[in-house]
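Notes for the one structure printed next.
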Amino acid sequence: MNAVPTLVLGLVMLPLAPVAAFANADEEAAKTAAICAEAEERYVEIFGHPSSEEEGVTVVTMYKYNFCPAEITVPVGTTVRWVNVDQRTSHSVIVKESGMPESDRAFPEESIEFTFLVAGPQDYLCGPHWKTQNMIGMVTVEP
Ligand SMILES: [Cu+2]
């Protein structure tokens, strides 16, 4: 008699788990997209033009503990400029495998630049926020 409720419970639980995981991922993606759209609005407010219009650099904004966009693909030799468009928080950049030390903190409206000379995927993170806020990014450098 006792085996029946357990079996029913098992059947109900199994299909629910993956669905819940997908819903959370979608929600997370939507939240990130909204934050990054806001970051671009901040960029235009501060600098008077879209981040895509900067000459000679690829811009990644830093806003509300996110890199926007968190993943980019660039040709080798590209300089990435990380721009802090937050109002209060400071951020840094550590390109893990570059051998370079952590950058200075970029305060609101300041930026950090790094030129990617080695092809391959390069993880980077924000010193003060990668652990607590998962503030992590990736640059895929193409030869
Ligand atoms: Cu940060």
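The values are calculated or read from the model by the stated rules, or taken from the named source; none is laboratory data. Treat the numbers as computed from the prediction; the structure is a model and nothing was measured. Reconstructed Cβ throughout: ideal geometry from the backbone, glycine too, with neighbour counts over all protein chains shown.
Numbers below:
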read-out	value
Qualifying residue in the range 101-121 (condition: under 12 Å from the mean Cα position of the chain (by Cα) and either within 11 Å of the ligand (Cβ to nearest atom) or among the aromatic types (F, W, Y) (or both))	no
Complete set of residues in the range 102-122 that are assigned to a strand (DSSP E or B) and among the β-branched types (V, I, T)	I112, T115
Every pair of residues 6+ apart whose Cβ atoms lie under 8 Å, when the first sits in the range 107-123 and is surrounded by 12 or more Cβ atoms within 10 Å (Cβ to Cβ) and hydrophobic (A, V, I, L, M, F, W, C) while the second is modelled with pLDDT under 95 and assigned to a loop (DSSP other than H, G, I, E, B)	F114/M100
Failed criterion for V141 (all others in (1) over 22 Å from P50 (Cβ atoms); (2) within 11 Å of the ligand (Cβ to nearest atom); (3) surrounded by 16 or more Cβ atoms within 10 Å (Cβ to Cβ) hold)	(2)
Filter pass, N134 being crowded, with 17+ Cβ neighbours inside 10 Å, within 11 Å of the ligand (Cβ to nearest atom) and either under 14 Å from the mean Cα position of the chain (by Cα) or within 23 Å of G56 (Cα to Cα) (or both)	no
Test: residue in the range 85-96 that is in a helix (DSSP H, G or I) and away from the ligand (no atom under 13 Å from the Cβ)	yes
Failed item in (1) free of Cβ contacts under 8 Å to residues at least 60 places away in the same chain; (2) more than 13 Å from the chain's Cα centre (by Cα), with E142 passing the rest	(1)
Residue in the range 43-58 that is among the aliphatic types (A, V, I, L, M), within 16 Å of the ligand (Cβ to nearest atom) and not in a loop (DSSP other than H, G, I, E, B) present	no
A39 within 16 Å of the ligand (Cβ to nearest atom) and in a helix (DSSP H, G or I)	yes
Residues that are in contact with an Asp or Glu (Cβ under 8 Å, 6 or more places away or on another chain) and more than 25 Å from G127 (Cα to Cα), drawn from the range 43-73	P50
Selected residue (only one of V57, V74, V44 is within 15 Å of P108 (Cα to Cα) and at pLDDT 95 or above)	V44
